[in-house]
Amino acid sequence: MLKKKSSLTKKTLYNKLIGFITKKGNKLSSVKIINDAFFRVSINTNLSMQKIILQLFLKLNSFVEVKKVRVKRSFHFVPFQITLKRRSYLIVKWLMQAVKSDTRNISITEKLAVEIEQTLKTDTSKSLKLRNLNITAALANRSNLHYRW
């Protein structure tokens, strides 16, 4: 009988980052990219990888998300509470969107390391801006809460 994998191993931000970067089944290269990026950040910040991941989660964590709901031929943006699994996905998505929008001619490892370091140290990173856009959209559409069912 096959043993099931622990459900905790799939839910970490580290594993979600690996899954997000993995393309065409090349998991080893994505693990190398992420490990190098976290190593660079840990050298600059003197923090362990687990502490870096924890601080990333705390900085980019959001409890609400805005979804489109159709009511009588019109669409309304409605804020919804989100689960922990969805929150961790959004954190990884915002990080990778910020990395992809970086147009400098450097490797993805360096782009990811710079984005993580900016997120931890300052409030001007692109991923934090994406989080703030999500929160402001949720606050702006509070009046549409009654469309949630």
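The values are calculated or read from the model by the stated rules, or taken from the named source; none is laboratory data. Since the model is a prediction, treat every value here as computed from it, not as a measurement. Virtual Cβ from ideal backbone geometry, glycine too; neighbours counted across all protein chains shown.
Values as computed for the structure displayed
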{"read-out": "Residue satisfying all of: in segment 102-149; under 20 Å from Leu58 (Cβ atoms) and charged (D, E, K, R); modelled with the lowest pLDDT among these", "value": "Asp123"}
{"read-out": "Positions within segment 108-149 being outside any helix (DSSP H, G or I), out of contact with any strand residue (DSSP E or B) (no Cβ under 8 Å at 6 or more places or on another chain) and either surrounded by 12 or more Cβ atoms within 10 Å (Cβ to Cβ) or among the β-branched types (Val, Ile, Thr) (or both), in sequence order", "value": "Thr122, Thr124, Ser125"}
{"read-out": "Flag for Leu90 being surrounded by 12 or more Cβ atoms within 10 Å (Cβ to Cβ) and in a helix (DSSP H, G or I)", "value": "yes"}
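Condition check ((1) part of a helix (DSSP H, G or I); (2) surrounded by 12 or more Cβ atoms within 10 Å (Cβ to Cβ); (3) touching a helix residue (DSSP H, G or I) at 6+ places or on another chain (Cβ under 6 Å)) across all residues:
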{"position": "Asn35", "(1), (2), (3)": "yes, yes, no"}
{"position": "Phe38", "(1), (2), (3)": "yes, yes, yes"}
{"position": "Leu56", "(1), (2), (3)": "yes, yes, no"}
{"position": "Lys68", "(1), (2), (3)": "no, no, no"}
{"position": "Phe80", "(1), (2), (3)": "no, yes, no"}
{"position": "Lys85", "(1), (2), (3)": "yes, no, no"}
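The rows are residues; the columns are (1) closer than 25 Å to Arg142 by Cβ; (2) in contact (Cβ under 8 Å) with a residue 12 or more places away in the chain.
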position: Ala37; (1), (2): no, yes
position: Val64; (1), (2): yes, yes
position: Lys67; (1), (2): yes, yes
position: Arg73; (1), (2): yes, no
position: Val78; (1), (2): yes, yes
position: Gln81; (1), (2): yes, yes
